[in-house]
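Okay, so here's the structure we're looking at.
Throughout, read-outs are computed from the coordinates displayed, never taken from laboratory work. Keep in mind that this is a model prediction, so the values were computed, not measured. Quick reminder, even Gly has a Cβ in these numbers, built from the backbone with ideal geometry, and neighbours come from all protein chains shown.
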Amino acid sequence: MERTIRVTGKGKLAVKPDLIELTLSIKDIKKEYDELLKRSSSATNEVKELLEKIGFERKNIKTKSFDINIEYDSYRDKNDKWVEEFKGYSFIHKMKIEFEANNKMLGRVLYTLSKSTSYPSFSISYTVSNPEKYKNKLLENAINNSKEKAIVLANASGVKLGNILSIDYSWSELRISSSPFENKKWFFEEDNDESDYVIDVEIDDIDVTDTVTVIWNIE
């Protein structure tokens, strides 16, 4: 029987983010369906026009999702039975923009969005523009880590490490991101001026890992 050693190696990297991904959501509710469609169209157009004024192209303001739902109010009637009363139609439109990880530009974007009458909510993520570059480096580090462990185990066991018999790896999309802003309420206060939106932060590197399992024969 062939003797083997199986070792899982872990690759690690600290990645400096170079891209901001800002997801914003606008929503509203109206009694009539056609009123809702008009409102969603005008709100979306307003947000896009504001972003265009600071240099974004409309084609780069991407829709992530657009949903329309029927809303009801639930309550107990005088007979203590649950009743649903039609409230109206609601929409939520989620859009995404990406731009260089630059504090000044981020402040400009937030200040611009604060002028919207649609009062968009948003989330900010820091990520990288070329994740595949880091994926390949992680794999290289994981293989090296696996080999180092295998050599240590072989030497400690008094055997010699032979050829690689197989490499087991499950390829998956690498998501490199961090969301450092938890409380965003202050961004949209009415009396803020542009100087209030200077974002003086230094974003930490993002730690990412990946694993690969290698089987060697041993002599």
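Spin-label model, Asn136 to Glu85: label points 7 Å out along the Cα-to-beta-carbon direction sit 6.3 nm apart.
Note on Lys31 and Ser177: their simple-model spin labels are 3.9 nm apart, each label 7 Å out from Cα toward Cβ.
Sites listed here are trypsin sites (Lys or Arg not before Pro) in the range 47-104 whose DSSP assignment is loop and whose Cβ has at most 10 other Cβ atoms within 10 Å: Lys78, Lys81.
Taking the C-alpha atoms only, the angle from helix 33-53 to the longest principal axis of the chain is near 60 degrees.
Return the calculated 222 nm mean residue ellipticity for the chain, to the nearest 500 deg cm²/dmol, obtained by summing -39500 (n - 2.57) across DSSP H runs with n ≥ 4 and dividing by the residue count.
Working: 3 runs with 59 residues, N = 219.
Value at 222 nm, helices only, nearest 500: -9500 deg cm²/dmol.
What's the whole-number percent of alpha carbon pairs in the range 19-127 lying beyond 19 angstrom? Every Cα pair in the range 19-127 considered, those over 19 Å come to 51 percent.
Pairs with C-alpha atoms separated by more than 26 Å, drawn from the list Lys48/Lys87; Lys59/Lys104; Lys38/Lys64; Lys10/Lys104, are Lys48/Lys87; Lys10/Lys104. Loop-located GluC sites (Glu not before Pro) across the range 31-139 with a Cβ neighbour count of 15 or fewer within 10 Å are Glu32, Glu57, with loop assigned by DSSP. Across the chain, Cα pairs under 8 Å and at least six residues apart give a relative contact order of 38 percent. Entry note, the range 19-127: relative contact order of 47 percent, from Cα contacts under 8 Å with a spacing of 6+ residues.
Please state the Cα pair-distance histogram of the chain with 10 angstrom bins from zero: what percent is in each bin? Taking every Cα pair in the chain, the percentages come to 7, 22, 20, 17, 14, 11, 7, 2, 0.
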